[in-house]
1. Work out the FRET efficiency for GLN37 and PHE111 from their Cβ-Cβ distance, taking R0 = 22 Å, and round it to the nearest 0.05.
2. Please turn the phi angles of segment 125-133 into ³J(HN,Hα) values with the Karplus equation 6.51 cos²θ - 1.76 cosθ + 1.60 (θ = phi - 60°), one per residue in order, whole Hz, x for glycine and proline.
3. Simple spin-label model, 7 Å along Cα-to-Cβ: LEU188 to ILE212 in nm?
4. How big is the gap, in Å, between the Cα center of segment 170-189 and the Cα center of segment 88-152?
5. Based on the alpha-carbon gyration tensor of segment 97-201 and its eigenvalue square roots a ≥ b ≥ c, which shape applies: rounded if a/c is under 1.5, prolate if not and a/b is larger than b/c, or oblate?
Amino acid sequence: MTEKSLENNNDLPLLEKPPKKKKGLASVDFSNLKVTQRDKFLYAVSWCTLFGDAVEIYLPGVFTQVVSAELGVTRRQEGLLAVSTAVAMSLSSLIIAPLLGRFCRRRVLLFSLYSTIVGTIFSALVPNFTVLLISRGIRGACVGLNFSVVSVFLATEVSGYDVYIAGNFISVLLFAVGAAWSAILGYLLLDFLGWRVLIVSSSIPWLIPPVILLHTVLSETQHPVIKASTESSGESECESIDSKEED
């Protein structure tokens, strides 16, 4: 290579590295975040549901010794209770995830919330360990169902990606808050209310507002799922069911 060519190469401008694209919460521009009224209702449903589930997950750990003494539960059985709840959560999420594309998500979420309320009441009425084990399994399945349905429901209903990312960040924080709230409730109210009343009064009040919102201001979905049988006509399952009910 000649000296002249080297001089020409030195005169070339240096290539600048392209700026790295921000991901996740770092990519959200909070100054220009546009949150619609519908988004607020959607996240009210999400946050209340997830907070109620978080309280229900962490609260039994607060009064485990009280329940064990009343129902005669051994240490091994206590571990079985925890495992049954975790396994039921995982299985319900795996089963419902492929089915969410075939059903109206608002209706699935309503079913999940009603099942959660019934399962919570059932957990407070158990007479022995066997029924307690079944009730904790049912409650764990409901929690897993809520997680899956809420995540997909928000992803298809909120107005924008930034709103979705910012709202999900708060949803994750709610689990830490739910754990702290469970510890406070157990410390202050366990001796006064008893563990049965505490289960019902600590989680169900958080699940009633989502049910009301889904029946009123969120009664119609903006992005209903298209079923394979209705793709040709362009009619969604939510719309087809509503039209049948009107007829």
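1. Values: r = 26 Å, r/R0 = 1.16.
Once rounded, the FRET efficiency stands at 0.30.
2. Values per residue, Gly and Pro as x: 10, 5, x, 8, 5, 4, 5, 5, 5 Hz.
3. For LEU188 paired with ILE212, the spin-label model returns 2.2 nm.
4. 20
5. Values: a/c = 3.14, a/b = 1.50, b/c = 2.09.
Oblate, since a/c reaches 1.5 and b/c is not below a/b.
Every read-out reported here was derived from the displayed coordinates using simple, explicitly stated rules and does not represent laboratory data. In this text the structure is predicted, and so the values were computed from the model without any measurement. Neighbour counts run over all protein chains shown; Cβ positions are idealised from the backbone, glycine included.
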